[in-house]
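The values are calculated or read from the model by the stated rules, or taken from the named source; none is laboratory data. Given the structure is predicted, the values throughout are model-derived calculations rather than measurements. Counting neighbours? That spans all protein chains shown, and the Cβs are built from the backbone with ideal geometry, glycine included.
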Amino acid sequence: MSSSEMLRVHGTGDNPLPPSAIVQAAANDLLSRRLNVEDLGARRYAFHRDHVRRSTTPRELIERALADPDRGVGSEKFNTRMLYESVDLLQQALEQL
């Protein structure tokens, strides 16, 4: 169990990310998708892969996450679940765009 998971299980929580970090994660995922397609090394996404594959901009990616949060909450990746469970944070990130 990672330290983030441990904090969550014991109810102490993590320090929430600033909305700008969510915007940057969306931009990074879109870049990673391009690099993966160009076979420059497999990279994991913060957002759900289906949302990344269907998006062309960080705004669109965050909008998809907000429209379909269950897909991310059901992810096996802890960080993806945390991202999608933070609907307020996703909304704040979208407002920055």
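Checking 29, 88, 50 one by one, the residue that is free of Cβ contacts under 8 Å to residues at least 40 places away in the same chain, surrounded by 15 or more Cβ atoms within 10 Å (Cβ to Cβ) and among the charged types (D, E, K, R) is 29 and no other. Within segment 8-20, restricting attention to residues that are surrounded by 14 or more Cβ atoms within 10 Å (Cβ to Cβ) and part of a helix (DSSP H, G or I), which residue is modelled with the lowest pLDDT? Step by step, filter segment 8-20, then rank; the result is 8. Restricting 43, 81, 71 to those that are more than 21 Å from residue 97 (Cα to Cα), in contact with a Ser or Thr (Cβ under 6 Å, 6 or more places away or on another chain), in a helix (DSSP H, G or I) and not acidic (Asp, Glu) reduces the list to 81.
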